[in-house]
1. Starting from the Cα of Lys101, draw a straight line to each of the lysines and keep only those under 19 Å, dropping any in the same chain fewer than 8 residues away.
2. Show which lysines lie in cross-link reach of Lys75 when reach means a straight Cα distance below 21 angstrom and same-chain residues fewer than eight apart are skipped.
3. Hey, which aspartates and glutamates would be in cross-link range of Lys43, C-alpha to C-alpha under 17 Å, not counting anything within fewer than 8 residues on its own chain?
4. Computed on alpha carbon atoms, what radius of gyration and Dmax characterise segment 61-106, expressed in Å?
Amino acid sequence: MLKKTLTMAALAGALVFSNGFVLAADQDRDQTRSQDQTRDRIKDRDQDRDQDRDQDRVYGSQLMTQQERNEYRNKMRSAKTEQEREQIRAEHHERMKVRAKERGVTLPDDPPARGGAMKPGAGMGPGGGMGSGGGRGR
């Protein structure tokens, strides 16, 4: 009888112990799945942000496919001189004007500003910015 009780206790202990491993494996799998989903959401968000940024920076990008935008960016990156980049921009600008006209879409006459530089007169101006004082002691 004692042998049977000890055997049953050992089996019960082994069962509890193995269930712990199963639970840990399930938790690891769930955590990995959650991390994968988070990574996918971040990737999607970054792609959306990149596409929005491209549309802001590439003249006529709303008339282009993602592949065309990528090709344009690659062409600009491979240009050796600023003069070559200006030539690529000018040709692209003309193609987009023609495409816009064909589709009945209006594009601005000038391409978007390059490099994110502010134009003269842009910025915070008088009264903008941090100013003096105004800290926590106020």
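Every number here is computed from the coordinates shown, using simple stated rules; none is lab data. Quick caveat, the model's predicted, so the values are computed rather than measured.
1. none
2. Counting by Cα, and skipping residues close in sequence, Lys75 has these lysines nearby: Lys97.
3. Answer for Lys43, where 17 Å is the Cα cut-off: Asp52, Asp54, listed by chain and number.
4. Cα radius of gyration and Dmax of segment 61-106 are 11.5, 35 Å respectively.
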